[in-house]
Amino acid sequence: MTPEPAEPEAGEWFRRYFAPEELDRLEQFPVRIPTGHEFGLLGLLGAWHTHVRRLRADLTLSDGDPSACGVHDLVTALVLRDFVDRGIATLGTELTTNVDSALADLDEGFRSLTEEDGVGLLALAEPEAEARTDEKWWWRRIPLSGPARRELDSAAAREQDGRVRAEEG
């Protein structure tokens, strides 16, 4: 079996989709987040790219690996994806085609590394995620493997143990 090629660094990846002048315009395109801060859309796309790369790298990591991402990191990535979505919703149609293509590539990568969270593992581990699962598809996906997935599975096991003890008690 041939290993899947590594995802390129963000700068190289951006050049697949955007001309230099588009990169400058996207970096200057402001996306206001709920805290009131503004970030450039290009920076947010880059952050989503980085999180998808990290998720890919984490699939085979052990829990004790210091570079491993946990559930909190997964939630951070999903919040970043929300911010990208917010930026695209306010982006004019002039750049939308390339941004949509770039984002579709990233989202496909994310989908390939995750599966549908059919039982709500993310909401069990991170209760604030529960309200978001109805909003956007990415909040209903969990990693196929890796430390974050094992953390989610552990949270589900603790929840199940608590139910069993409550029923027995």
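The values are calculated or read from the model by the stated rules, or taken from the named source; none is laboratory data. Being a predicted model, the structure only gives us computed values, none of them experimental. Every residue, glycine among them, receives a Cβ derived from its backbone with ideal geometry; neighbour counts consider all protein chains shown. To get the accessible areas, we keep the full protein, side chains included, count just its heavy atoms, and leave off ligands, DNA and RNA. Shrake-Rupley method; radii C 1.70, N 1.55, O 1.52, S 1.80 Å.
Residues in the range 56-74 that are of a type in the set (A, V, I, L, M) and over 25 Å from GLU130 (Cα atoms) were compared, and the one that is least open to solvent (accessible area, probe 1.4 Å) is LEU61. Of everything in the range 57-108, what is under 25 Å from ALA125 (Cα atoms) and β-branched (Val, Ile, Thr)? Give them in sequence order. THR60, VAL71, VAL75, THR76, VAL79, VAL84, listed by residue number.
Out of curiosity, is ARG81 within 24 Å of PRO34 (Cβ to Cβ) and open to solvent by 30 Å² or more (accessible area, probe 1.4 Å)? It is false that ARG81 is within 24 Å of PRO34 (Cβ to Cβ) and open to solvent by 30 Å² or more (accessible area, probe 1.4 Å). Of all the residues in the range 48-71, those that are part of a helix (DSSP H, G or I), closer than 11 Å to PRO147 by Cα and out of contact with any Ser or Thr (no Cβ under 9 Å at 6 or more places or on another chain) number 1. In the range 117-128, the residues that are more than 16 Å from LEU144 (Cα to Cα) reach residues that are of a type in the set (Lys, Arg) and outside any loop (DSSP other than H, G, I, E, B) with C-beta atoms within less than 9 angstrom, at least six apart or across chains, in these pairs: ALA123/ARG132; LEU124/ARG158.
Within the span defined as the range 52-69, one or more residues are of a type in the set (Val, Ile, Thr) and over 15 Å from the mean Cα position of the chain (by Cα). One residue alone among ASP107, ASP100, ASP134 is open to solvent by 50 Å² or more (accessible area, probe 1.4 Å) and either at pLDDT 95 or above or farther than 22 Å from PHE18 by Cβ (or both), and that residue is ASP134.
Summed over the range 9-28, the residues that are touching a strand residue (DSSP E or B) at 6+ places or on another chain (Cβ under 9 Å) and open to solvent by less than 50 Å² (accessible area, probe 1.4 Å) give a count of 1. Checking the conditions here, which among ARG81, ARG25 is at pLDDT below 95 and not in a loop (DSSP other than H, G, I, E, B)? Result: ARG25 is the single residue among ARG81, ARG25 that is at pLDDT below 95 and not in a loop (DSSP other than H, G, I, E, B).
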